[in-house]
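Report on the structure given below.
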Amino acid sequence: MSELNLDAAFSALADPTRRAILARLAKGEATVTELAQPFEMTQPAISQHLKVLEDAGLVTGRVDGARRPRRLAKAGVEAMDQWLAMLRKALEKNYERLDEVLAGMDHPKTRRGEHR
Amino acid sequence: MSKMTLKTEGDTHVVVTRRFAASPEAVYRAHTDPNLVQKWMLGPEGWTMPVCISDAKPGGKIRYEWTDGKGHGFYLTGEYLELEPYTRIVHVERMHLPDPTPDNHVETRFDADGKGTLMTMRMTLPNEQTRAAMLATGMERGMEASYVRLEGMI
């Protein structure tokens, strides 16, 4: 099983189809055929995305007879969680900056006399 | 400290709330005036918004372009649908990464809350899968289901 490569993981997450594949795998394991269907993509195209995800340590597979279902790797979930935390932080940072912008707006040099 | 909340609702909504120590009018203006938006809607440390177009009228265009100053960047486009100064904004937006994400329909309310404002931003995505993908890119909670599932698998 490949280890998590954080740079590869983040660059893998930068693609919308790969994020959608991860979101699908978050619901349970799936084969290439099953993954190709909702995305209206060819199986080779899906396989290529899966290879990027596997190389990044986000997705892992098992052999089940002729099937090779893929699922999220534990490291993949952790990477996505870090990603979420990072972006949630970005949103919080936005609102902290907005607090400062508002503080500047709420103390105008000229009194308007409508509040406080 | 006014903590942000972020939660999913139904199959296709995401709701963000945040309190601000300013009037609804000020918070509304900070969301629609491009000169103000450009000062705060910047995401992670080090990013700037060199292009900020916000034509705050029904049908008016929105375009935000971000850059990290090191050659990386992305942009968002959208349109205003409804504007009720200073209580409510309805708009659609999509990220270009560079392929456009499905339209995110956003209603933002500004309600007087004591001396300040309670902002409630309610996003509606076209379907559950799009929301899951968006949560995977930008939001918390999206992975709760996978954690539960992983506990059974690993």
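Every read-out reported here was derived from the displayed coordinates using simple, explicitly stated rules and does not represent laboratory data. Just so it is clear, the model here is predicted, and its values are computed rather than measured. Ideal geometry is used to build each Cβ from the backbone, glycine not excepted, and the neighbour counts take in all protein chains shown.
Before moving on, here are some points about what is shown:
- All lysines inside 25 Å of B:Lys57 as judged from Cα atoms, apart from same-chain residues fewer than 8 positions distant: B:Lys39
- Pairwise FRET efficiency - A:Asp64 versus A:Glu40, Cβ, R0 = 35 Å, nearest 0.05: 0.85
- Between B:Leu81 and A:Lys89, the simple spin-label model (points 7 angstrom out along Cα→Cβ) gives 3.4 nm.
- All lysines inside 18 Å of A:Lys51 as judged from Cα atoms, apart from same-chain residues fewer than 8 positions distant: A:Lys74
- Stokes-Einstein diffusion coefficient of region B:12-98, Kirkwood radius over Cα pairs, 37 °C, 0.692 mPa s, in µm²/s: 235 µm²/s
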